[in-house]
1. Report yes if some residue within the stretch 2-10 is surrounded by 13 or more Cβ atoms within 10 Å (Cβ to Cβ) and farther than 19 Å from PRO91 by Cβ; otherwise report no.
2. What are the pairs, 6+ residues apart or on separate chains, where a residue within the stretch 38-63 that is closer than 16 Å to TYR112 by Cα and at pLDDT below 95 has its Cβ under 8 Å from a residue that is outside any loop (DSSP other than H, G, I, E, B) and hydrophobic (A, V, I, L, M, F, W, C)?
3. Only one of (1) within 17 Å of VAL145 (Cβ to Cβ); (2) touching a helix residue (DSSP H, G or I) at 6+ places or on another chain (Cβ under 7 Å) fails for ARG66. Which number is that?
4. Which numbered condition trips up GLY129, out of (1) of a type outside the set (A, V, I, L, M, F, W, C); (2) assigned to a loop (DSSP other than H, G, I, E, B); (3) touching a helix residue (DSSP H, G or I) at 6+ places or on another chain (Cβ under 7 Å)?
5. Filter the stretch 11-37 down to the residues that are over 30 Å from LYS119 (Cβ atoms) and loosely packed, with under 14 Cβ neighbours inside 10 Å and list them by number.
6. Scan the stretch 106-117 and tell me whether some residue there is under 19 Å from PHE5 (Cβ atoms), surrounded by fewer than 15 Cβ atoms within 10 Å (Cβ to Cβ) and modelled with pLDDT of 95 or more.
7. In the set GLY87, GLY52, which member is part of a loop (DSSP other than H, G, I, E, B), under 20 Å from the mean Cα position of the chain (by Cα) and surrounded by 15 or more Cβ atoms within 10 Å (Cβ to Cβ)?
8. So ASP18 passes all but one of these: (1) in contact with a helix residue (DSSP H, G or I) (Cβ under 6 Å, 6 or more places away or on another chain); (2) in a strand (DSSP E or B). Which condition number does it fail?
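The values are calculated or read from the model by the stated rules, or taken from the named source; none is laboratory data. None of the values given here were measured: they were computed from a predicted structure. When we count neighbours, we look across all protein chains shown, and the Cβ atoms used for this are built from the backbone with ideal geometry, even at glycine.
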Amino acid sequence: MTRWFEDIILGEVFALGDHTFDADEIVRFATLYDPQYFHVDAEAAKQSHFGGLVASGWHTVSVGHRMMVDTLFAEEARLRGLGQEPGVSGPSPGVNSMDFKVPVRPGDTVSYELVVTDKRASNSIHGWGLLFNKITAVNQRGELVYRADLVGFSKRRDYKMPLKLKVLLALTKLPLIGPLLKRGT
């Protein structure tokens, strides 16, 4: 999230946007990244248990992820436009769960949204917090096609490094003491 950790509001919904999947796009993505027959061959896919061409789950995820990143950039621009300094987003330490509920078919329009469900200060990376997010994707019929529980880092605005940590960090930079301290960790 491109807000400071302290400014993240639990339960706030971020509409990420809609995307309509067409057959050519489904086949193009799958040919490159997930070339299973039910993603790349419409005729063969008719004989599958899907009964026709379906988008790769990874395609569904990738579209949603792109929309999430675009939303983060838009939020950063919005905050700068208000004269505010946006927060700093960090990497993701992982995905806790991911489900593909209903296949995405050519012509389906999928709406994505993100909600921050929880947050806490990081125990291992000082000055950062962890955000626990849920991303969902729903088709035009209101069916849940995809959901995931994601974790991401967000920089803490008001973090003050404890004196003990500052001293240890400074000692690691000394030529004789630094290598000894680094070896002990």
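1. Checked against the condition, which is being surrounded by 13 or more Cβ atoms within 10 Å (Cβ to Cβ) and farther than 19 Å from PRO91 by Cβ, the stretch 2-10 yields at least one hit.
2. none
3. Result: ARG66 fails condition (2) only.
4. (2)
5. Within the stretch 11-37, THR20, ASP22, ASP24, ARG28, THR31, LEU32, TYR33, PRO35, GLN36 qualify.
6. So far as the stretch 106-117 goes, yes, one or more of its residues are under 19 Å from PHE5 (Cβ atoms), surrounded by fewer than 15 Cβ atoms within 10 Å (Cβ to Cβ) and modelled with pLDDT of 95 or more.
7. Just a single option satisfies the conditions, and that option is GLY87.
8. Going through (1) in contact with a helix residue (DSSP H, G or I) (Cβ under 6 Å, 6 or more places away or on another chain); (2) in a strand (DSSP E or B) one by one, ASP18 breaks only (1).
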